[in-house]
Structure formats: structure tokens, C-alpha cells
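Reviewing the structure listed below.
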Amino acid sequence: MIIYPAIDLYEGKVVRLKRGDYAQKTVYSDDPVSVALGFKETGATALHIIDLEGALNGKPKNADIIKQITKETGLFVQVGGGIRTPETIEDYLKAGVKRLILGTAVVSKPELMREMAGNFGQALAVSVDIKDGFAAVKGWTELSDLDAIDFCCMAENLGVRTLICTDISKDGMQSGTNIELYKTLRQKLTLELIASGGVTSIGEIKTLSNIGMDGAILGKALYTGHIDLKKVFVNTL
């Protein structure tokens, strides 16, 4: 299982949101590149970077910083936030980003999603942000009318090969991740599954690996010290 340390960007700074609420954000660093290099030194091979302003406004706002992180770390970088067009995907791929994450497009333009999945294959992922059992869109600020599980199945049927699933109620709360949700998804889906939101212990990481998750994104627990990334790599991988 691949571990993805998370870097959420807002106004060029590393921040974390609580339950996806933009009004409840904590700034952890003014230097995202240093944060990324720190994760690399600890043993990380991949990074999960979200442009929060892009997710909210529909187009990238922190692309230059993301490209710099990609260049200076040389890691496998997956990026989400404001990625709505093939041109944006191609721009990031040219800069060395390995995977681009889509969300809202699956809800609003499924045929476009099918086309993009066919064109970009493994370089494309879909992020399913769950709130109250439904898929949330537009930077977690709105709910679609699609049941979260149905959303995931639709993504797979559209040709998506990687799915990132976040339970917003757990994200940034350090209260534990939604293991039962991931068990259900793993039973229903055959694509690559990455867990996100609320992972707070090495034990949870081991459980996610044991149920067959392909990856786990670690966020606030890394910044608060609840999870020691070095110990993660020693004890779980």
C-alpha cells in the first residue's frame, strides 16, 4: 500500500481544513516546498497535493507551487483542485505530475469524464468526497443528489481506474477513519482505491492495508505529530 502525505494549498500556504470547512483552516507552513522535501527525507515516495482555491473556484490557483514541488522532489505527485479540462491535465503532466484528480466533472459532465478517462488512463483519478452519505462537490461546499456508493460505481463504469474516497466528517478531526466504508467499497469495486480522511494511527494504516486498500492519504495527523511518518514506513510497509 502506498502512503501519500497530504499537502493542501491555500494562498500559497500549507493548510488543513476541519470537515472540509474553508472557514476552519489552520496554516502549518508558509513554505510548501520545504514541507514536501521533508516528507521525502522521511521516506515518502508519493505526495497528495490539493489546490483548495482551485477546488472552490474551478481552476488552478497554486499551479506554480505544485510544479515547483514536483520538480524539486522528483516524487510521484497526484494533484487535485480546479482540474476540469484536458488542457489543465496536459499542462500538469508536462510539468511531471503523475496523476490528476477530478471530482465535480463526474457529476456534471459524465460523458466528458468517460472521454478523459479513456484519453488519460492511469494518469487520471476521481475523488469522491462523502458528506452525509452523498457525494460532495465544488470544494466540499455542495452536495450532489448521488448516493456516495452509486457515485463510486458510476466512476468505475465510466472507465476511471483510481478512486480516492474521503469521508468529510472524519477529515481533519483526528477521530479515526471510516473503515467500514472502505470495506464496502473494496467489496464492490475492482479499481485502485485510496483512503483519505481521519487516518490517525499506524493500526488503522495496517487495517486499511489488510482489507485491500491500495493507498492511504495522511493529513492532519502528520502535522500535529499524532503519526510519525518514519514509524509508518518501518512498521507497516
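The values are calculated or read from the model by the stated rules, or taken from the named source; none is laboratory data. Owing to the predicted nature of the structure, the values given are computational and were not obtained by experimental measurement. Neighbour counts run over all protein chains shown; Cβ positions are idealised from the backbone, glycine included.
Of note:
- Residue, modelled with the lowest pLDDT, within the range 132-183, restricted to residues that are among the aliphatic types (A, V, I, L, M) and in a strand (DSSP E or B): 143
- If the condition is being under 15 Å from the mean Cα position of the chain (by Cα) and either of a type in the set (A, V, I, L, M, F, W, C) or in a helix (DSSP H, G or I) (or both), then the range 207-220 contributes 213, 216, 217, 218, 220.
- Residue match in the range 208-221 (condition: of a type in the set (Ser, Thr, Tyr), out of contact with any strand residue (DSSP E or B) (no Cβ under 9 Å at 6 or more places or on another chain) and at pLDDT 80 or above): no
- Checked against (1) over 25 Å from residue 205 (Cβ atoms); (2) not in a strand (DSSP E or B), residue 27 passes all but a single condition, namely (2).
- The range 1-19, subset charged (D, E, K, R) and out of contact with any strand residue (DSSP E or B) (no Cβ under 6 Å at 6 or more places or on another chain), residue surrounded by the fewest Cβ atoms within 10 Å (Cβ to Cβ): 11
- Residue 6 vs. criteria in a loop (DSSP other than H, G, I, E, B), touching a residue at least 40 places away in the same chain (Cβ under 8 Å) and within 18 Å of the chain's Cα centre (by Cα): no
- Test result for residue 230, under 15 Å from the mean Cα position of the chain (by Cα) and either at pLDDT 85 or above or part of a loop (DSSP other than H, G, I, E, B) (or both): no
- Members of the range 87-136 that are under 19 Å from residue 147 (Cα atoms), buried (at least 21 other Cβ atoms within 10 Å of the Cβ) and of a type in the set (Ser, Thr, Tyr): 104, 127
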